[in-house]
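The values are calculated or read from the model by the stated rules, or taken from the named source; none is laboratory data. Bear in mind that the values here come from a model prediction, so they are computed numbers and not experimental data. Positions of Cβ are backbone-derived with ideal geometry, glycine not excepted, and every protein chain shown enters the neighbour counts.
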């Protein structure tokens, strides 16, 4: 077990800031996507200043329920840490969106003891939500070639 350095204070989450970030993330997603019920996926090409190839931000809906929706967000398709998919939970009644898990980790807690055996920062979840805010802001400001995949609604007809 890894122990904390003597005299070092334990991390205390700033709930007000985290909730504000979650509200802004929901608002950014709403502006970017439009109606959450009409789209299955969305791709935004992020404008490049250099001659490097363009990077795409992919958003794909995984689950839809009355009050929550699960969305996968992925930058590009590589294997770097910043290109791994993040799973978001959208809370429609509270108008909040937060990162709940990623491809290489099950589910994030609000805070972790630091140092820890997982190699996670004490405020890992808050940092991922800030990273999501940055991605969404970049997509809104510098995104080009917005492609929406409309939702395929199938009706189940009861046999008469």
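Points to keep in mind about this one:
- Residues of the stretch 125-160 classified as assigned to a loop (DSSP other than H, G, I, E, B) and at pLDDT 80 or above, total: 1
- Residue within the stretch 32-54 that is assigned to a helix (DSSP H, G or I), touching a strand residue (DSSP E or B) at 6+ places or on another chain (Cβ under 6 Å) and crowded, with 16+ Cβ neighbours inside 10 Å present: yes
- When residue 12 is tested against (1) modelled with pLDDT of 90 or more; (2) surrounded by fewer than 11 Cβ atoms within 10 Å (Cβ to Cβ), just one condition goes unmet, and that condition is (1).
- Taken over the stretch 58-87, the criterion of being over 16 Å from residue 43 (Cβ atoms) and crowded, with 16+ Cβ neighbours inside 10 Å is satisfied by 69, 70, 87.
- Every residue from the stretch 88-107 that is surrounded by 12 or more Cβ atoms within 10 Å (Cβ to Cβ), closer than 21 Å to residue 56 by Cα and more than 11 Å from the chain's Cα centre (by Cα): 103
- Residues in the stretch 105-124 that are at pLDDT 70 or above and closer than 16 Å to residue 72 by Cα: 3 in all.
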